[in-house]
Amino acid sequence: MRIASWNINSVRARIGHVERFVKEFAPDILCLQETKVADDGFPTRAFADLGYSAHVVAGQKSYNGVAIFSRVPIEVTGGRDWCGRYDARHISVIIPGDIELHNFYVPAGGDIPDRAENEKFGHKLDFLTEMSEWFATARRAGDRMIMLGDLNVAPHESDVWSHKALLKVVSHTPIEVEHLEAVQQAARWCDAARHFRPVPEKLYSWWSYRSPDWEGSDKGRRLDHIWVTEPLVGAMTGFDIPKEPRRWEKPSDHTPVILDLDPDRAA
DNA sequence: ATGGTTGTGGTACAA
């Protein structure tokens, strides 16, 4: 079973890329972030044509938005409001193998890494804290769960092109890394990327639009993640972050992350 | 050190 997560930065602007990605990489379950469209404007027809018989979307006009499409049976379990506001940043489903899958779009956090000066940064930290508390209290680490999405934090030194240059840049500040680590400890999540590709290998899923030569300069960050709980660690059969979609014309600034999983091998 | 680009929706804001 192949599961992919992709921040596509507008599903309507990127529908052709989604079709190409599905044809070339064939995910059974496709999780999207930053769809940027209200639910009644979502191009669900295109996804049905790609063979996805089930879906759940949670969107709003212009900003945010998450979606899950599946060619295997899913049961929609949620979509929670975080930090007391509906902003379409989370949905969850049960997938085959009795696995609960959570798709998140964590707030980016603005430009200034200080909650006193920048409300968006405070919101990001509070969002991560609420995730920690929720997974520690409302969920059990021993259950089969997957969490994936654009978590907007690059935790390790090898998750960014320059640790030193990014220490004060939102996405890699020590306080954000601490908050993300607290989320990870809340359900003893295993980071699929680093299970297969351990540090210190450099691994990125995002490159800024602002670089005139994103691939040559390679100033990337690993903002997109797939985590699994302990019963699923032995069920993982492969992981990849293919760079091809970032090379396509008019791309998203994120490239997909892909996990292959054999639910029959789950503990 | 600074500014660089993109999508949405409407000429500003979020990323």
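The values are calculated or read from the model by the stated rules, or taken from the named source; none is laboratory data. Remember, predicted model here, so these are calculated numbers, not experimental data. Quick reminder, even Gly has a Cβ in these numbers, built from the backbone with ideal geometry, and neighbours come from all protein chains shown. Each accessible area value is taken on the protein alone, full model and side chains, heavy atoms only, with ligands, DNA and RNA left out. Shrake-Rupley method; radii C 1.70, N 1.55, O 1.52, S 1.80 Å.
Structural remarks
- Cα-centred dipole magnitude for the stretch A:147-206, charges only on beta-carbon of K, R (+1) and D, E (-1), debye, nearest 20: 120 debye
- In a reduced charge model with +1 at each Lys and Arg Cβ and -1 at each Asp and Glu Cβ, the stretch A:2-261 shows a dipole moment near 420 debye about its Cα centre.
- In this structure, the pairs whose alpha-carbon distance is over 25 Å, taken from A:168/A:202; A:36/A:202; A:124/A:164; A:36/A:164, are A:36/A:202; A:36/A:164.
- For residue A:50, the solvent-accessible surface with a 1.4 Å probe is about 30 Å², rounded to the nearest 10.
- A simple rule links phi to the HN-Hα coupling: the Karplus curve 6.51 cos²θ - 1.76 cosθ + 1.60 with θ = phi - 60°, which for the stretch A:50-66 gives 7, x, 8, 7, 10, 7, 9, 10, 9, x, 8, 5, 6, 10, 6, x, 10 Hz, with x for Gly and Pro.
- Solvent-accessible area of residue A:230 with every protein chain in place, 1.4 Å probe, in Å² to the nearest 10: 120 Å²
- For the stretch A:2-261: accessible area per residue (Å², 1.4 Å): 42 Å²
- Positive dipole terminus of chain A, leading residue within A:21, A:72, A:258 (C-beta point charges): A:21
- Structure-based [θ]222 nm, chain A - -39500 (n - 2.57) summed over DSSP H runs of at least 4, per residue, nearest 500: -6500 deg cm²/dmol
- Among the trypsin sites (Lys or Arg not before Pro) in the stretch A:58-112, those located in a DSSP loop and surrounded by at most 13 other Cβ atoms within 10 Å of their own Cβ are A:61.
- Couplings for the stretch A:215-229, taken from phi via the Karplus curve 6.51 cos²θ - 1.76 cosθ + 1.60 with θ = phi - 60°, read 7, x, 6, 6, 8, x, 9, 9, 9, 9, 9, 10, 10, 10, 7 Hz in order; Gly and Pro are left as x.
- Dividing the mean sequence gap of close Cα pairs (under 8 Å, 6+ apart) by how many residues chain A holds gives a relative contact order of 19 percent.
- For residue A:47, net neighbour charge (Lys/Arg +1, Asp/Glu -1) across residues whose Cβ lies under 14 Å away: +2
- Vicinal HN-Hα couplings computed from phi for the stretch A:91-103 (Karplus, 6.51 cos²θ - 1.76 cosθ + 1.60; Hz; Gly/Pro x): 9, 9, 9, 9, 10, x, x, 6, 10, 8, 10, 10, 10
- Solvent-accessible area of the stretch A:2-261 (1.4 angstrom probe, protein heavy atoms only): carbon and sulfur portion equals 48 percent.
- In straight-distance terms, cross-link reach from residue A:23 covers every one of the lysines whose alpha-carbon lies under 17 Å from its own, apart from those fewer than eight places away in the same chain; here that gives A:243.
- Of the residues A:234, A:127, A:245, the one whose Cα sits farthest towards the positive end of the charge dipole of the stretch A:2-261 is A:245 (charges of +1 on Lys and Arg Cβ, -1 on Asp and Glu Cβ, taken about the Cα centre).
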